[in-house]
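The values are calculated or read from the model by the stated rules, or taken from the named source; none is laboratory data. Here the structure is a predicted model, which is why all the values come from computation and not from measurement. As a convention, Cβ positions derive from the backbone with ideal geometry for all residues, glycine included, and neighbour counts pool all protein chains shown.
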Amino acid sequence: MSGETGVMIFFTISGFLITSLLLEEKIKYGKINLKFFFIRRFLRLLPPLLIFYVFVLLLMIFNYLPENYLALLVSVFYAYNFISFPHYVGEIAHTWSLGVEEQFYLIWPFFLNKAEKISRGILISLFVLALCIIFKYVFSSNITFTFKEYLTNNYFINRWFIPACLPIMLGSLASFLLYKFNSKVLFILKSSNYYNIFWFLLFAFFYFIQVIFPNLPLIYIDIYQSFSISILLLWIVFNQENLFVALLEFKPLVFLGKISYGIYVYQGVFLKTGPTGTLFFQKYPLNIILVLIISILSYYFVEKKILKHKSKFVMR
């Protein structure tokens with residue numbers, strides 16, 4: 001699995017989970033407490049990031065990394081997905097996806113708080129999806145204009161919020177459909193031998209569609225795969241007793257999930273978005289070992305202690 005595929009899966013899951021949590025809160029209390037939502041997000045995201053950014057800053061100050069403080073500042077403010085080529089730094093390159101996530105967090109709760117009906121949320125999701133597809137088409141087609149050439153020559157435009165949020169919106173759309181058509185979705189996705197085979201084949205078909213139909217435009221692969229992950233997520237929701245779902249509760253997998261955010265954050269400085277690092281701690285296998293050790297220490301001595309406070313910021 002490529003790094004881009006991993007990000008796509010993460011985006012889809014994130015869109016589904018965040019939208020589900022926000023919808024659950026709004027349905028139960030009639031509104032979303034935006035203050036509490038942002039506090040919970042910052043408690044989850046900031047602690048490992050602060051450690052990471054301090055480490056990167058020290059490496060720049062002592063000339064182990066290029067002194068690109070503008071790139072670091074852009075990353076700190078969750079905007080690295082808009083960075084230009086001259087300010088690309090491999091050790092913080094992975095934070096582009098965190099930028100897309102944070103931009104979603106900053107926008108989406110306000111939309112959901114204002115949307116009186118779930119159907120309106122569905123329309124918003126479809127509208128954003130349409131924008132993403134149009135953007136992808138324009139910037140991958142033979143249509144030429146000066147501004148397009150400037151952007152493609154200076155920016156990672158596929159990482160801009162539009163169109164990078166496409167998997168997030170597909171995950172969100174799956175959540176909307178779950179809450180609007182709960183009983184119908186339950187009937188369709190409920191576990192049985194027949195349904196299990198059908199939904200597995202449907203998931204596999206869309207996930208591997210590029211292999212089945214190699215002539216399909218590659219730029220739309222995230223649409224097919226995100227759709228497949230959305231199908232899988234909906235199936236998991238209604239099939240908690242299934243053996244496959246039970247395997248997801250396997251303790252080593254659960255533990256890996258707990259430290260996964262730390263792995264994501266810290267791996268940048270050790271893996272440099274690929275095996276091209278020149279510093280001694282970026283050499284294999286030391287880099288892998290250090291990422292795991294630091295992620296574990298970060299979880300137990302930083303994240304776990306701070307995450308205890310999240311319960312204080314939940315509506316009751």
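Looking at Val56, Val7, just one residue is of a type in the set (Val, Ile, Thr), over 29 Å from Phe227 (Cα atoms) and buried (at least 17 other Cβ atoms within 10 Å of the Cβ), and that residue is Val56.
Just one of the listed residues (Ile124, Ile107) is of a type outside the set (Gly, Ala, Ser), out of contact with any Asp or Glu (no Cβ under 7 Å at 6 or more places or on another chain), surrounded by fewer than 14 Cβ atoms within 10 Å (Cβ to Cβ) and part of a helix (DSSP H, G or I), namely Ile107. What do you reckon, is Phe36 more than 19 Å from the chain's Cα centre (by Cα), outside any loop (DSSP other than H, G, I, E, B), surrounded by fewer than 20 Cβ atoms within 10 Å (Cβ to Cβ) and at negative phi? Taking the combined requirement at face value, the residue satisfies it.
Whether any residue in region 276-294 is part of a helix (DSSP H, G or I) and among the small types (Gly, Ala, Ser) is what I want to check. Scanning region 276-294, I find no residue that is part of a helix (DSSP H, G or I) and among the small types (Gly, Ala, Ser), so the answer is no.
Based on what the data block shows, is Leu98 free of Cβ contacts under 8 Å to residues at least 12 places away in the same chain and under 21 Å from Leu290 (Cβ atoms)?
Values: free of Cβ contacts under 8 Å to residues at least 12 places away in the same chain: no; under 21 Å from Leu290 (Cβ atoms): yes.
When the stated conditions are applied, Leu98 does not pass them.
The numbered conditions (1) out of contact with any Pro (no Cβ under 9 Å at 6 or more places or on another chain); (2) within 26 Å of Lys312 (Cα to Cα) are all true for Val56 except (2). When region 18-59 is filtered for residues that are hydrophobic (A, V, I, L, M, F, W, C) and free of Cβ contacts under 8 Å to residues at least 40 places away in the same chain, the ones remaining, listed by number, are Leu21, Phe42, Leu46, Leu50, Val54, Leu57, Leu58.
Mind counting the residues in region 44-90 that are outside any helix (DSSP H, G or I) and within 21 Å of Phe270 (Cβ to Cβ)? Final tally of qualifying residues: 10.
Do we have Gly268 as crowded, with 18+ Cβ neighbours inside 10 Å, touching a Pro at 6+ places or on another chain (Cβ under 8 Å) and not in a loop (DSSP other than H, G, I, E, B) here? Full working, then the answer.
On the way: crowded, with 18+ Cβ neighbours inside 10 Å: yes; touching a Pro at 6+ places or on another chain (Cβ under 8 Å): no; not in a loop (DSSP other than H, G, I, E, B): yes.
Judged against the criteria, Gly268 is not a match.
Check region 298-316 and report whether any residue there is surrounded by 14 or more Cβ atoms within 10 Å (Cβ to Cβ) and not in a helix (DSSP H, G or I). No.
Scanning for something at positive phi and without any contact (Cβ under 8 Å) to a residue 40 or more places away in the chain, does region 78-88 turn up at least one residue?
yes
Which condition number does Leu123 fail, the rest of (1) of a type outside the set (Lys, Arg); (2) closer than 20 Å to Phe227 by Cβ; (3) modelled with pLDDT of 95 or more being met? For Leu123, the failing item is (3). If you go through region 271-297 and pick out every residue that is crowded, with 17+ Cβ neighbours inside 10 Å and of a type in the set (Val, Ile, Thr), you end up with 3. The numbered conditions (1) farther than 28 Å from Ile118 by Cβ; (2) modelled with pLDDT of 90 or more are all true for Tyr194 except (2).
So in region 141-157, with the set limited to residues that are within 23 Å of Phe104 (Cβ to Cβ) and not aliphatic (A, V, I, L, M), which one is surrounded by the fewest Cβ atoms within 10 Å (Cβ to Cβ)?
Tyr155
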